[in-house]
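Everything below concerns the one structure shown next.
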Amino acid sequence: MADVESAKQESRIFNPPANLVKDAAISGMNAYRALCAEADRDYAGFWARLARENLDWHKPFTQTLDESQAPFYKWFGDGELNVSWNCLDRNLANGNADKTAVIFEADGGEVSQVSYRELHRRVCQLANGLKSLGIQKGDRVVIYMPMSVEGIAAMQACARIGATHSVVFGGFSAKSLQERIIDAGAVAVITADEQLRGGKHLPLKAIVDEALALGGCDTIRNVVIYRRTGGNIAVAAGRDLWLHELVASQADTCEPEWVNAEHPLFILYTSGSTGKPKGVQHASGGYLLWAALSMKWTFDIKPADIFWCTADIGWVTGHTYIAYGPLAVGATQVVFEGIPTYPNAGRFWDMIARHKVSIFYTAPTAIRSLIKAADADAKVHPSQYDLSSLRILGSVGEPINPEAWMWYYKNIGREQCPIVDTFWQTETGGHMISPLPGATPMVPGSCTLPLPGIMAAIVDETGNDLPNGQGGILVVKRPWPAMIRTIWNDPERFKKSYFPEEFGGKLYLAGDGAIRNKESGYFTITGRIDDVLNVSGHRMGTMEIESALVAHPLVAEAAVVGKPDETTGEAICAFVVLKRSRPSGEEARQIAKELRDWVAKEIGPIAKPKELRFGDNLPKTRSGKIMRRLLRVLAKGEEITQDISTLENPAILDQLKQAQ
Ligand code: PRX
């Protein structure tokens, strides 16, 4: 963990530029402290004020926080609103009707613009179309879409009619899709014929067909298909419909379904340390409040800004900072279909220049790969592009190492743009710990301080506060509006995972370790403390990958660990015992390839182990427990210096040193 070490040692401080401080939503540290003090003084009153100021309520709430069934907290519980109304109709009423909501850039470079009026029309038509299929408030709809205006419209249309969406990232396999459809009990899937990424046509509808053919998806009545490429697909009569045909005859207004603030807006599956992915359930009111507010606080969004978040709508970042947050504040945003390296690794910088992007939000893994590309080819170096429109940069999804931070600051931000290193999670709904661009002095590699009202702290194994300078477990001490409400279908798992009894059942456990700087109190995230890996900012459970591997007929046993990787942050390293003898040479390489492809089929290509090693056994204690810490050392290629006296089979370590 060299990066964590260098982040902890980091002492350089970068102040926000004076011109930005002057007009910022939270201007200067005193303004930040005043908001924190307001939350300390009257926690419920603080959130109630913000919810009234930032959202439009159909029926105003009178209760702010209901803790009577903790940890199943309720926010604004007797209020009613509609998320899509707040994102669209409100903008039509506010004079933003003709403002561009989305600048869409296709994989091949074609650009189209959609105004708030036009987006509203498309969402209403699709909402009416979904209603014509009998989809109602409370039904679940799975969305398996490429990055597109239609993908956003599908999410907004569900929100409009009170259906709960569950977006599945387009890189997940048929099996993963099937599991999510079944768990959510979805009545329909909205998909596309294909997606286009880096010039390649990738099937989506065919994967939906495969998922449904795997069986068990009995709740599905319809599949709605957006025609993206015109590629050849099968259309099942009576079940499958083209999106353009479904909406063609629909009215272009749709009265929103007013829902309770606690109504489930979406379920998003994410990896945990054990078992199958969990369906993180978010509510409507509290989630939208935080989406809107963090756009203002963390990104200091202003009417003239061009905002660009490079995430995919299949992840939480694409939910909060593409599908909801920017629209809730009437912003103009860029939505990009493609990948950062096509047609070349200058694509991001070229797009920033062409669209005059002023706020740019991406992941450290993308930055690191673009650093490499710029070093290798001067033509795609950011200095070749006019990046002068930028005023704020953001980072999300994994720790940003100080070296990448400095490169981003100098080469993309020209030493004039604050970098907001936003720490948060699928479960938190929005930013939790982050610098504020017009207030917080920044330290590379530190996500600095919690947003006002977020009671983040570091505790030991028994839940007691630790002093600054001592590393421990990251927790949040009070519920906040955008927090996860439960795990779909599994409230017990929700309690156990996030509010365990060992911590008194009251502290939200993030699953990350952290340390606060002795002087500044700044937070540095030291990484997951459970069996969750972060590969290119994608969250993967080691158990999920192990289950996929042992499902292969050749595999007897498997253990998966993370290994530090220069570009992807962590890489997946799998140790495998076959049912037959240990292979070597060409045969081992063949089997390794077969197993990698198998994992891609079982979960998705993002879960493919980068490295596979075969042994006759795994290092185990006498009681049969796999010694993962030894596997982590082996994966790193380091010599084992730890005590291995409890190891049943020390000779096995030599075998496992070799990658295939
Ligand atoms: O380990 C933390 C890491 O990503 C995890 C959450 O992953 P996910 O739910 O997929 O959400 C990603 C997008 C918000 C966290 O538990 N993480 C996220 N942001 C940061 C981070 N680690 C360090 N610094 C960050 N800024």
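Need one value: the accessible area of residue 274 in square angstrom, 1.4 angstrom probe, rounded to the nearest 10.
Around 80 Å² of this residue is reachable by solvent.
If 72, 307 are ordered by their accessible area, calculated over protein heavy atoms with a 1.4 Å probe, which sequence runs from highest to lowest?
Working: 72 60, 307 0 Å².
The most accessible residue leads, giving 72, 307.
Considering only protein heavy atoms, what is the solvent-accessible area of residue 315 at a probe of 1.4 Å, reported in Å² to the nearest 10?
Surface open to solvent at residue 315 totals about 50 Å².
Do any cysteines of the chain lack a neighbour Cys whose Cβ is under 4.7 Å away, and which are they?
Cysteines lacking a close Cβ partner in the chain: 36, 87, 158, 217, 309, 417, 447, 573.
Set the Förster radius R0 to 30 Å, insert the Cβ-Cβ distance between residue 29 and residue 468 as r into 1/(1 + (r/R0)^6), and round the FRET efficiency to 0.05.
0.95
Give or take rounding to whole Å, what are the principal axis extents of the alpha carbon atoms in the range 238-357, in descending order?
42, 42, 36
How much accessible surface area, in Å² rounded to 10, belongs to the heavy atoms of residue 212 with a 1.4 Å probe?
Ignoring ligands and nucleic acids, residue 212 comes out at about 30 Å².
Could you put 408, 342 in order of accessible surface area, largest first, with the 1.4 Å probe and the full protein assembly present?
Details: 408 0, 342 75 Å².
Descending order: 342, 408.
Enumerate the residues in the range 302-339 having an amide nitrogen under 17 Å from the point lying 7 Å beyond the Cα of residue 356 toward its Cβ.
Backbone N within reach: 302-308, 331-335.
Can you list which of the trypsin sites (Lys or Arg not before Pro) found in the range 1-48 are DSSP loop residues with at most 14 other C-beta atoms within 10 Å?
Listed in order of number, the matching sites are 12.
Over the range 18-448, what percent of the accessible surface lies on carbon and sulfur atoms, probe 1.4 Å? Mind showing how you got there, number by number?
Values: 6930 of 13890 Å².
So the carbon and sulfur contribution to the accessible surface is 50 percent.
Per residue of the range 471-482, what does 6.51 cos²θ - 1.76 cosθ + 1.60 with θ = phi - 60° give for ³J(HN,Hα)? Whole Hz please, x for Gly and Pro, Karplus curve as stated.
Running phi through 6.51 cos²θ - 1.76 cosθ + 1.60 with θ = phi - 60° gives x, x, 9, 7, 9, 10, 8, 10, x, 10, x, 8 Hz.
Which of the GluC sites (Glu not before Pro) across the range 8-72 are loop residues per DSSP, with 16 or fewer other Cβ within 10 Å?
Listed in order of number, the matching sites are 67.
If you take every DSSP beta bridge whose two residues both sit in the range 18-448, what share of them, in percent to the nearest 5, is antiparallel?
Beta bridges within the range 18-448, antiparallel portion: roughly 40 percent.
Tell me the label-point distance for the pair residue 646, residue 111, using the 7 Å Cα-to-Cβ offset, in nm and rounded to one decimal.
Inter-label distance under the simple model: 6.0 nm.
Which residues' amide hydrogens lie under 5 Å from the amide hydrogen of residue 148, considering only partners 5 or more residues apart or on another chain, with H built in the peptide plane?
none
For the range 18-448, calculate the relative contact order in percent as a whole number, restricting contacts to Cα pairs under 8 Å that are 6 or more residues apart.
Answer for the range 18-448 is 17 percent.
For the range 465-546, which GluC sites (Glu not before Pro) are in a loop by DSSP, counting at most 14 other Cβ atoms within 10 Å?
519
Using a 1.4 angstrom probe on the protein heavy atoms only, could you order 263, 319 from most to least accessible area?
If we order 263, 319 from most to least accessible, we get 263, 319.
Take the alpha-carbon centre of the range 447-516, take the same for the range 580-624, and report the distance between them in whole Å.
35 Å
Gain in length, residue 98 to residue 69, computed as 0.36 nm per residue apart minus the alpha-carbon separation, to one decimal in nm? Don't skip to the end; give the middle numbers.
Working: separation 29, 0.36 × 29 = 10.44 nm, distance 4.47 nm.
Answer, rounded to one decimal: 6.0 nm.
Can you give me the relative contact order of the range 536-656 as a percent, contacts being Cα pairs under 8 Å and 6 or more apart?
Averaging sequence separation for qualifying contacts and normalising by length gives 25 percent for the range 536-656.
Before I look further, what does the chain give for accessible area per residue, probe 1.4 Å, in whole square angstrom? Each step should come with its number before you reach the end.
Details: 24360 Å² over 660 residues.
Normalised by residue count, the accessible surface of the chain is 37 Å².
The values are calculated or read from the model by the stated rules, or taken from the named source; none is laboratory data. Only a predicted model underlies this, so the values are computations on that prediction, with no experimental measurement involved. No Cβ is skipped: glycine too gets one built from the backbone with ideal geometry, and neighbour counts run over all protein chains shown. Surface areas here come from the heavy atoms of the whole protein model, side chains and all, with no ligands, DNA or RNA. Shrake-Rupley method; radii C 1.70, N 1.55, O 1.52, S 1.80 Å.
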